[in-house]
Amino acid sequence: METGCGPGQYWQAVNVNPAFTPKGLVQKGLVVPPTTQRSIGDVLTAHDISWKYYGGGFNADGTASPLNGSYCNICNPFEYESSYPGMVADHMRDVTDLFTDLVKGTLPAVSYVKPDGTMDGHPASSKWTLFEAFAENIIQLAQSNKEQWAETAIFVTVDEGGGYYDSGFIQPVDFFGTGPRIPMIAVSPFSTGGHVSHAYSEHSSFVKFVERNWKLGTTLSERSRDNLPNPDQDGDNAYVPRNMPAIGDLFDLFDFDREGDRD
């Protein structure tokens, strides 16, 4: 079966540990070989735009703390990069550091946030109400700093649909398609509010949003999904793009032409 992979390239289809530990040391055991594919973090760094990945349990990982082991290393995409050890000092933080940055108004331009296993809503280790409380706390902390909140957009999403059957259209954008629908909520003084978007979006949509919002003028690679155009939506079936393959950039969720003055 043709996968579309280039020479020496492969698709990772299972949860295998990255080549490095959270702190940037060489990981032992069964690991995925480090990739030289650049990430959105690499692009932001090259453009001198600040960014951080906040992972719950990062500070406790590898220590005697009761929270040791709660950090999700397979959830941090940057750990799979060959350049990851050099990222740790400037870009890898714990969620507790996020809370501090929110209160002080010292957030970077772009932030990725992943709760630890006790707060992520997965039924094996957490509860959905705990994830809701986690997200609510972040939003409230962001809103408590009026100057910071006036230029903030928060995307709340999950990594699976909860096990329920989804009859929604799945677009064949590449060898794997995309996948069943998952919820995502945009919270911002610029969000349109009460609007359900039918534009076809997926995880790479956030990459497209960052590239457009910060006018980066580049994509991750010649073949990555951020190269795909925004969907041309059909009025009769808005969820199915007429110009497939197409992926949205999330800009339809916002009105950036007006003052962001809503609480």
Extension reserve of the Gln143-Phe155 stretch, reckoned as 0.36 nm per residue once the Cα distance is removed | 2.9 nm
How much mean residue ellipticity at 222 nm does the chain get from its helices, if each DSSP H run of length 4 or more adds -39500 (n - 2.57) and you divide by all residues, to the nearest 500 deg cm²/dmol?
-> -5500 deg cm²/dmol
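Rounded to the nearest whole Å³, what is the per residue volume of the convex hull around the Cα atoms of the chain?
Working: hull volume 42.4 nm³, N = 263.
So the per-residue Cα hull volume is 161 Å³.
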Any chance you could check the Cα centroid distance between region 123-191 and region 41-84 for me, in angstrom?
-> 19
With charges set only on the Cβ (+1 for Lys and Arg, -1 for Asp and Glu), what does the dipole of region 164-263 come to about its Cα centre, in debye to the nearest 20?
-> 240
Where Lys and Arg each count +1 and Asp and Glu each count -1, what net charge lies around Ala133 among other residues with Cβ under 14 Å from its Cβ?
-> -3
Report relative contact order for the chain in percent, whole number only (criteria: Cα-Cα under 8 Å, sequence separation at least 6).
-> 15
Using the number of other C-beta atoms within 10 angstrom as an exposure proxy, rank Arg242, Arg181 with the fewest first.
-> Arg242, Arg181
Mind checking which aspartates and glutamates have their Cα closer than 13 Å to the Cα of Lys146? Skip sequence neighbours fewer than 8 apart in that chain.
-> Asp261, Asp263
Descending packing, highest mean Cβ count within 10 Å first, for 162-175, 93-106, 120-133, 46-59 is 46-59, 93-106, 120-133, 162-175
Only Lys, Arg, Asp and Glu count, each charged at its Cβ (+1, +1, -1, -1), so figure out the dipole size of the chain about its Cα centre, rounded to 20 debye.
-> 540
Sorting Phe190, Asn213, Phe256 by the position of each Cα along the dipole of region 164-263 (Lys, Arg +1; Asp, Glu -1; all at Cβ), the one nearest the positive end of that ordering is Asn213
In the structure displayed, which of Lys52/Lys114; Lys52/Lys104; Lys28/Lys114; Lys23/Lys52; Lys52/Lys208 lie more than 20 Å apart, Cα to Cα?
-> Lys28/Lys114
Gyration tensor verdict on region 164-263 (Cα atoms; rounded if a/c is under 1.5, prolate if a/b is larger than b/c, oblate otherwise) = oblate
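Values quoted throughout were computed directly from the atomic coordinates according to the rules given, and no laboratory measurement underlies them. Note that the structure is a prediction, hence the values are computed from the model and not measured. Neighbour counts run over all protein chains shown; Cβ positions are idealised from the backbone, glycine included.
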